[in-house]
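Note sheet for the following structure.
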Amino acid sequence: MTSGDDLVAALRAEGNLPSDWAEAFAAVDRAAFVPAHAWFDDEDGRPRPIDRGGDPGRWYDAVYSDEPIVTQLDGGRVRWPESSPLVTSSASQPSIVLAMLDALGLRDGHRVLEIGTGTGYNTALLCERLGDDHVTSVEVDPALTEQARATLRAAGYKPTVVCGDGVAGRRASRPYDRLLCTAAVIAGRLPYAWVEQIRPGGRILTPWGTAYRNGVLVRLTVDRDGTASGPVLGEAAFMRLRSHDTPFGHAARLGDLVDTSTIAVDTITTVPPAEVATGPGAFTVGLHLPDVQSGVFYDDPAHYEVLLYHVPTDSVASATVSPESASAGRYPVRQHGPRRLWDEAEAAHTWWAAHGFPAPTRYGLTISPERQHVWLDAPANPVRSWNSR
Ligand SMILES: C[S@@+](CC[C@H](N)C(=O)[O-])C[C@H]1O[C@@H](n2cnc3c(N)ncnc32)[C@H](O)[C@@H]1O
């Protein structure tokens with residue numbers, strides 16, 4: 001059975017324990033924040049129940065691993081030990097928690113607003129580092145809020161924990177020096193309320209992504225002129241803010257999405273479909289098709305379908321891969337509906353190649369009261385923009 005010391009040692013050995021956070025991390029026991037009944041992903045990525053009373057060895061091994069622990073399914077409607085792919089809360093992976101805390105660049109005396117309290121584990125780390133009265137945390141789910149409050153209290157922490165939609169921030173305790181969000185913002189919907197509640201020079205750190213691809217971490221610095229701007233720091237997949245979830249977020253097969261008897265356009269592509277959906281250019285493709293969802297569905301490792309779908313217009317594209325199509329380098333594509341989603345995605349993939357195959361970290365984000373845009377290399381080079389709302 002692993003212990004908290006094993007987790008500290010493993011993170012340190014891998015260079016994932018920033019020196020600024022070593023003391024706080026060692027002081028806060030993750031086991032105190034993970035519920036006795038939770039779920040841990042198996043090798044196929046499916047949440048499997050873990051039980052502190054029934055099988056403590058497995059529970060502690062999970063809790064002291066550098067992996068996320070699922071703590072709520074489908075807003076609490078799926079009760080332990082039942083399972084579901086609809087993960088609505090989790091204790092994030094410790095190395096990601098630390099990387100995000102490190103990227104915040106906290107100093108003594110800073111005041112922090114956290115969005116997405118979840119188990120309260122991250123909140124406790126912030127309290128340990130800054131003191132209880134410098135930490136405000138907002139959780140949208142009432143049951144999780146209650147649970148986090150009780151757990152934090154039992155562990156000796158008394159931050160302000162509020163139940164509400166974190167999209168509005170928390171005006172009552174503003175201004176803050178830092179905002180840390182632990183759920184993903186969807187492209188074009190970064191809340192301007194967050195910018196208003198941070199002091200000039202302060203930072204906002206949040207997971208961000210398109211419906212197409214989730215996602216990256218962005219760090220914005222708030223300017224005196226009321227804008228905030230900053231780079232993509234790296235990749236990080238997070239569950240979305242609840243109001244930012246997409247229809248069919250948990251995917252379906254082609255037949256579930258569209259009446260397949262409607263007229264389809266059949267073509268052939270020579271671009272490997274998985275490259276467009278999940279390859280290194282997929283983040284860029286998503287910027288060009290931000291409201292289009294994508295999924296890869298395997299019949300077996302050699303036979304799969306890449307699905308692109310846009311629910312509001314009932315447009316769907318499917319590209320299928322088999323050993324025969326892969327060896328010929330020619331993949332059948334079928335497109336339904338008013339948008340030709342495969343053609344759009346392939347054009348975006350070509351744009352990515354023509355611009356030197358940019359990695360996500362070459363992009364950044366700027367937000368003003370009116371507009372928000374994603375740029376490549378510099379704010380003066382916008383790739384996509386939206387009205388702020
Ligand atoms: C990845 S989990 C939280 C991880 C957490 N920091 C921890 O260490 O346990 C994301 C959390 O964000 C919450 N959440 C989702 N949308 C929200 C919103 N609009 N406002 C506040 N919290 C939200 C979810 O209920 C979930 O508990």
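Miscellaneous remarks
- At R0 = 41 Å, FRET efficiency that the Cβ-Cβ distance of Arg330 and Ser84 yields, to 0.05: 0.60
- Among the protein heavy atoms, those of Tyr121 account for about 10 Å² of accessible surface (1.4 Å probe, every chain in place).
- Label point 7 Å beyond Cα of Glu146 along Cβ direction - residues of region 164-186 with amide nitrogen under 17 Å: 164
- Label positions at Ala154 and Glu275, each projected 7 Å from the Cα along the C-beta direction, are separated by 5.2 nm.
- Cβ-Cβ FRET estimate between Asp5 and Ala36, R0 fixed at 25 Å, reported to 0.05: 0.70
- Modelled FRET efficiency - R0 35 Å, Asp44 with Val311, Cβ distances, 0.05 increments: 0.85
- Portion, in percent, of the accessible area of the chain that falls on carbon or sulfur, probe 1.4 Å: 50
- Placing one equal scatterer on every Cα of region 4-182 and applying the Debye formula, the log10 ratio I(q)/I(0) at q = 0.14 Å⁻¹ is -0.74.
- Mean residue ellipticity at 222 nm, helices only, the chain: -7500 deg cm²/dmol; runs of at least 4 DSSP H residues each add -39,500 (n - 2.57), and the sum is divided by the number of residues.
- With 5 Å bins from 0: P(r) over region 254-354, alpha-carbon pairs, percent: 2, 14, 26, 26, 20, 10, 2, 0
- Solvent-accessible area per residue for region 85-128 (1.4 angstrom probe, square angstrom): 27
- Solvent-accessible surface of region 259-324, averaged per residue with a 1.4 angstrom probe and all protein chains in place: 42 square angstrom.
- Taking amide H as placed 1.01 Å from N in the peptide plane, the amide H of Ala184 sits under 5 Å from that of Met239, Arg240, Leu241, each at least 5 places away or on another chain.
- Rg to Rh quotient for the chain, alpha carbon positions, Kirkwood Rh: 0.98
The values are calculated or read from the model by the stated rules, or taken from the named source; none is laboratory data. It should be emphasised that the depicted structure is a prediction, and the values quoted were computed from it without experimental measurement. Cβ sites come from the backbone with ideal geometry, for glycine too, and all protein chains shown count toward neighbours. Only protein heavy atoms, including side chains, enter the accessible area calculation; ligands, DNA and RNA are left aside. Shrake-Rupley method; radii C 1.70, N 1.55, O 1.52, S 1.80 Å.
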